[in-house]
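Input: a single structure, listed below in structure tokens.
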Amino acid sequence: MRGIERHGMSGRSRVLLSFLCVLMCAASVAVFARPAPPVGLKAFRSEKEMLEYFKKIKAASPQRWQSQLSDLEEVAVTGMRAQGVAASTTNTQHAGVDEGDIVKQFGDYLIMLRRGRLFTVNIGMGRLRPVSSVNAYGPGIDPDRAWYDELLVSDGTVVVIGYNYDVGATEIGLFDLYDDGRLRYRATYHFHSNDYYSSRNYASRLIGTKLIFYSPLYLGYDLDDPVDVLPAIRRWPGKETERDFRRIIAYGQMYPAPVPVKDLHDVVLHTVTVCDLASEQLHCNASGVVGNSSEVFYVSPKAVYLWTDAGSNDESGGATERAMVYRVPLNGSTPSAVRASGQPVDQFSFFESEDGLLNVALREDAQGDHMWKAEHSSGSVALLRAPLAAFGDGTRAVPLSAYYALPDPPEQGAFHNRFVGGWLLYGTEDNDGDERGSKLFAVQTSTARTSVIDLPHHLSRIEVMGTDAVVVGEDDEDLHFSGIHLADRPTRVQHYVLKGASEGESRSHAFFYKPEEQGGGLLGLPVLDDSAAIVYLRNSGSRFEELGQLRAHDESVKEDDCVASCVDWYGNARPLFIGNRVFALLGYELIEGKVEVGGIREVRRTVF
């Protein structure tokens with residue numbers, strides 16, 4: 001077992017070390033004396049046991065869900081549904097694990113989701129031609145209190161993920177994409193859920209034809225029947241009652257918290273639902289684990305991880321409860337859990353590595369990534385390297401030797417972190433006493449050896465750039481790009497300044513990097529100066545070269561009579577690299593550029 005790296009520890013890191021020792025020492029010594037870990041979580045043994053458990057929770061809260069539904073009429077369209085494999089246009093955390101976004105490519109078509117509508121544009125054979133547009137919701141649905149946020153596509157099936165406040169449910173819309181680019185509404189499904197929104201995370205993932213999405217269910221709602229809050233699905237239209245919902249979870253797929261949740265007003269059934277998009281009807285199964293409402297979830301190619309804070313602090317400031325980390329395998333096997341300390345900030349705080357470890361960047365105080373909570377965290381930082389073999393029935397704790405105390409970042413500004421290969425990079429937006437600079441910490445995960453890199457700008461974004469990284473941030477007037485070479489001694493090797501500009505969007509999906517065969521690559525990012533644009537840089541490995549910008553035309557903006565999702569919570573701008581072609585999505589404009597020696601020039605554009 002490795003010990004905690006102690007060199008260079010600040011006072012705050014020593015506080016974290018004491019914090020970890022108090023919480024973990026007794027558990028790691030006593031519990032890990034067992035010869036083998038338990039297999040997994042213990043599910044409810046019967047429907048009766050499950051109902052009794054939820055009745056206790058129901059009695060603790062007077063709130064009530066309400067459902068209001070309306071009629072729907074079917075629409076028929078003939079044609080051949082498009083076949084093939086979707087190409088990746090999204091800056092995902094893992095290759096092969098697609099994430100819901102506002103634009104996807106399928107064959108010769110780009111599909112865009114914006115302000116409650118879906119659009120297709122034909123980009124085949126050098127074209128740039130709008131083809132089809134439909135509402136992102138079904139006929140007859142009142143979208144006034146619904147948000148349609150995330151788009152995925154699988155073998156000709158277009159999926160829109162939204163949340164409907166009137167129904168109190170996650171809304172899944174299915175559309176057929178035909179080989180001529182037309183879209184046809186197929187069906188709408190509702191899933192019992194509370195709002196899933198996060199300023200940094202995404203509710204949906206897609207692996208092959210398997211749609212995976214996370215949704216929370218707050219169990220404190222005082223419903224007439226506790227079964228009403230359990231994961232369930234209904235196809236629209238129905239009879240406008242709760243009886244239309246069909247449960248997609250059995251008592252044997254629900255797992256009570258191994259450590260009882262003290263506050264019954266703050267009990268959540270964290271649900272992972274897997275749906276098969278290969279069939280015409282949507283077939284889904286759910287698993288649920290019970291915890292409190294502080295959560296961060298992360299999806300690796302093998303499992304969904306959920307980190308919940310199991311309790312609060314006592315009056316003396318010491319933690320009285322440990323966090324619970326759940327692992328829900330994507331192959332359908334039994335979920336497992338392990339007790340831990342500290343809290344991750346967002347999904348980028350996680351990385352399941354090929355060496356059988358779950359790597360997690362932790363802060364002493366974080367609140368999960370629901371809504372805008374990820375923007376606020378504080379305290380000491382540690383790296384957890386938890387063996388997957390430690391996951392069991394949740395009674396065991398990760399050993400203290402799996403934690404490494406790390407240097408403290410300045411407290412000003414939001415915390416950002418990212419795993420890049422065998423490195424963890426982190427920092428906060430501002431630096432102590434310096435209005436223009438910040439510090440980037442680079443941690444070699446296998447040893448916890450840490451380097452500190454001074455940046456001549458603030459830190460607002462850390463992105464993967466091949467085997468290296470790029471850090472983006474502003475000073476008082478300009479936008480900066482710093483290239484970080486991750487070798488034995490991480491070094492800032494490139495620095496580019498875009499004068500008079502700022503970042504146009506903060507979400508991870510707004511950035512994209514395309515490696516080039518000869519080495520280096522191209523990157524794109526939305527920016528703002530006098531108007532909105534996408535800036536494109538070439539990374540040569542030793543320097544950044546600005547190729548130019550593809551810019552929106554203000555005169556193209558017109559009233560769209562928006563009736564749903566009229567705020568772009570997920571942004572409206574994306575750089576796109578498709579084959580040898582370069583595009584910029586800017587609101588309702590799609591612009592194509594051509595990369596030439598020393599620059600990029602616009603070749604065509606369309607307003608869809």
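Full extension of the chain between R45 and R145 yields a length gain of 32.1 nm, computed as 0.36 nm times the residue separation minus the alpha carbon distance.
Dipole size of segment 512-608 about its Cα centre, with +1 on Lys/Arg Cβ and -1 on Asp/Glu Cβ: approximately 440 debye, rounded to the nearest 20.
With one equal scatterer per alpha carbon and no solvent term, the Debye-computed log10 I(q)/I(0) for segment 526-601 at 0.13 1/Å reads -0.46. Listing W569, W307, W236, W423 from fewest to most neighbouring C-beta atoms within 10 Å gives W569, W423, W236, W307. Using 29 Å as the Cα-Cα cut-off, could you pick out the over-long pairs in K439/K514; K373/K499; K373/K594; K104/K439; K439/K499; K104/K499? Over 29 Å Cα-Cα: K373/K499; K373/K594; K104/K439; K104/K499.
Sorted on the mean count of surrounding Cβ atoms within 10 Å across their residues, most packed first, peptides 451-459, 437-445 read 437-445, 451-459. Given axes a ≥ b ≥ c from the Cα gyration tensor, I'd like to know whether segment 294-406 is rounded (a/c under 1.5), prolate (a/b larger than b/c) or oblate. It is prolate, given that a/c is not under 1.5 and a/b is the larger ratio.
A simple spin-label model places pseudo-atoms 7 Å from Cα toward Cβ; at D155 and H94 they are separated by 2.1 nm. With a Förster radius of 56 Å applied to the C-beta separation of E596 and K302, the computed FRET efficiency comes to 0.85.
How much length, in nm to one decimal, is gained on full extension between V452 and E545, taken as 0.36 nm per residue of separation minus their Cα-Cα distance? Please report the intermediate quantities before stating the final value.
Numbers: separation 93, 0.36 × 93 = 33.48 nm, distance 2.55 nm.
That pair, V452 and E545, stretches by 30.9 nm at full extension.
The simple Förster model, with R0 at 51 Å and r as the Cβ-Cβ distance, assigns D488 and N285 a FRET efficiency of 0.65. Per-peptide packing, taken as the mean over residues of other Cβ atoms within 10 Å, places 355-367, 596-608 in the sequence 355-367, 596-608 from highest down.
Read-outs throughout are calculated quantities, based only on the coordinates presented, and are distinct from any laboratory measurement. Bear in mind that the values here come from a model prediction, so they are computed numbers and not experimental data. FYI the Cβ positions are ideal-geometry reconstructions off the backbone, even for glycines, and counts take in every protein chain you see.
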